[in-house]
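Peer 1: Have a look at this one before I ask anything.
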Amino acid sequence: METMFDLPPDLAARMGEDLARKRLLREQRVWKYKRGGSFRVMWGARVIPWIIRTGLRVTGLSRRTHREFLDVQIVENVVALPSLPVEFDGFRLLQISDLHSDLDPALIDRVIERLGEARFDQAVLTGDYHDEIGVPWDESLALTLRLMPHLGTKPLAILGNHDFLAKVEPFEAAGLRVLLNESIALERNGMWIWICGVDDPHIYGTHDLHAAMAGIPGDGCRILLSHSPETAREASELGYALHLSGHTHGGQICLPGGFPIVRKAPVRRALLAGPWHEGAMAGYTSRGTGSCTVAARFHCPPEITVHILRCA
């Protein structure tokens, strides 16, 4: 942990030195704050989870909400993209988001089980692999990497607001490429689409949508991975074809009909879960594959999403 805030030269070059240093500085502040033991931190990390768990026990909902937490569904989302090359018609893009792996290790076994039932061509992970910020992530890292044999070849990822840059090296050593305001081209029969990934826009604000699309032809099909849907308007204005995000958990504890009680992102309600559009750009916000703070869900089942790309 002594070197967790060092900045490897290759990451500075990839992300941009100014943004990388801004990220590290904010990580240091967040880590110090979360480790400081202030009343506000204790309230968020200890008191609120205790209130939620107690409320679920008192209402007799503990078992039901934990069953729903483990009821990971495979959701198919068919999306038509005008810029999609015909060679990619029917391409299946699998999205996992917001694992918060260390919250309950039983989740990873369930995710592995469901991945065995999914058909996909490319896997992407859209951030938040760890739960409580300020607590070492050894367990969440090990649990997340258990998914690697089940994610196909060359899976891609971005970081969320619960993730630190120090995770990039062990992720990439295990074969999980992390996109830091970067893009990767996918080829089929001489035609291409681009998966672009930006850093967390919610807490760290170190995303750069321009850098992520650098060098891509103007008519190229660009699919954006952004941890939060907060980047939707800018991405639409820049001509991205598809915006994939998570972060909101769809509300996690919801009223009947999936109506969220708490919003985790300052966006319009349509962007909190499921498919949406922002201008000409298609978008999708995952309800999340795991949960945050408590291993419980209510009227908001977790999901592994398979986006089926179609030519418009």
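The values are calculated or read from the model by the stated rules, or taken from the named source; none is laboratory data. The structure presented is a predicted model; accordingly, all values stated were derived computationally and were not measured. Cβ: placed from backbone, ideal geometry, glycine included. Neighbour counts: every protein chain shown.
Peer 1: Of all residues in the range 130-172, count the ones that are touching a helix residue (DSSP H, G or I) at 6+ places or on another chain (Cβ under 6 Å), within 23 Å of Y284 (Cα to Cα) and assigned to a loop (DSSP other than H, G, I, E, B).
Peer 2: Going through the range 130-172 one residue at a time, the tally reaches 2.
Peer 1: Still on this model: Residue by residue through the range 182-205, note down the ones that are β-branched (V, I, T), outside any strand (DSSP E or B) and within 24 Å of K154 (Cβ to Cβ).
Peer 2: V198, the sole residue that qualifies.
Results for (1) over 22 Å from I308 (Cβ atoms); (2) modelled with pLDDT of 90 or more, shown as yes or no for each residue.
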position: Y240; (1), (2): no, yes
position: G251; (1), (2): yes, yes
position: C254; (1), (2): yes, no
position: G257; (1), (2): yes, no
position: I261; (1), (2): yes, no
position: K264; (1), (2): yes, no
position: R268; (1), (2): yes, no
position: A280; (1), (2): no, yes
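Peer 1: Only one residue in R53, R92, R57 is among the basic types (K, R), surrounded by fewer than 13 Cβ atoms within 10 Å (Cβ to Cβ) and either at pLDDT below 85 or in contact with an Asp or Glu (Cβ under 8 Å, 6 or more places away or on another chain) (or both). Which one?
Peer 2: R57
Peer 1: Looking only at the range 61-102, count how many residues are β-branched (V, I, T) and closer than 22 Å to R297 by Cα.
Peer 2: Adding up the residues that qualify gives 5.
Peer 1: Applying the selection to the range 116-129, what residues are touching a strand residue (DSSP E or B) at 6+ places or on another chain (Cβ under 7 Å) and either of a type outside the set (S, T, Y) or not in a strand (DSSP E or B) (or both)?
Peer 2: Across the range 116-129, the qualifying residues are E117, A118, R119, F120, D121, Q122, A123, V124, L125, G127.
Peer 1: Here is a list of conditions, (1) of a type outside the set (F, W, Y); (2) surrounded by fewer than 17 Cβ atoms within 10 Å (Cβ to Cβ); (3) more than 28 Å from D71 (Cβ to Cβ), and D208 meets all of them except one; can you say which number that is?
Peer 2: The number of the failed condition is (2).
Residues are listed down the side, and each one gets a yes or a no for (1) closer than 19 Å to R67 by Cα; (2) surrounded by 15 or more Cβ atoms within 10 Å (Cβ to Cβ); (3) free of Cβ contacts under 8 Å to residues at least 12 places away in the same chain:
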position	(1), (2), (3)
A241	no, yes, no
I261	no, no, yes
V267	no, yes, no
S291	yes, yes, no
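Peer 1: Of everything in the range 75-100, what is within 23 Å of E113 (Cα to Cα) and part of a loop (DSSP other than H, G, I, E, B)? Give them in sequence order.
Peer 2: F91, S97, D98, L99, H100
Peer 1: Would you be able to tell me the number of residues in the range 206-223 that are under 18 Å from A282 (Cβ atoms), in a loop (DSSP other than H, G, I, E, B) and at pLDDT 95 or above?
Peer 2: Qualifying residue count for the region: 4.
Peer 1: For the range 242-259: of the residues being part of a loop (DSSP other than H, G, I, E, B) and within 13 Å of the chain's Cα centre (by Cα), which is farthest from D219 (Cα to Cα)?
Peer 2: T248
Peer 1: Taking the conditions exactly as written (buried (at least 20 other Cβ atoms within 10 Å of the Cβ) and at pLDDT below 95), does I133 satisfy them or not?
Peer 2: Judged against the criteria, I133 is a match.
Peer 1: If you take the residues in the range 224-241 that are assigned to a loop (DSSP other than H, G, I, E, B) and over 13 Å from the mean Cα position of the chain (by Cα), which one is nearest to L93 (Cα to Cα)?
Peer 2: Among those that are assigned to a loop (DSSP other than H, G, I, E, B) and over 13 Å from the mean Cα position of the chain (by Cα), it is A241.
Peer 1: Let me ask something else about it. Quick one: would you say R269 is farther than 23 Å from I223 by Cα and of a type in the set (D, E, K, R)?
Peer 2: No: the conditions fail for R269.
Peer 1: Another one. Quick check on my filter: what residues within the range 60-79 are farther than 29 Å from L147 by Cα and loosely packed, with under 14 Cβ neighbours inside 10 Å?
Peer 2: Correct list: G60 only.
Peer 1: Looking only at the range 260-312, count how many residues are hydrophobic (A, V, I, L, M, F, W, C) and assigned to a strand (DSSP E or B).
Peer 2: Number of matching residues: 9.
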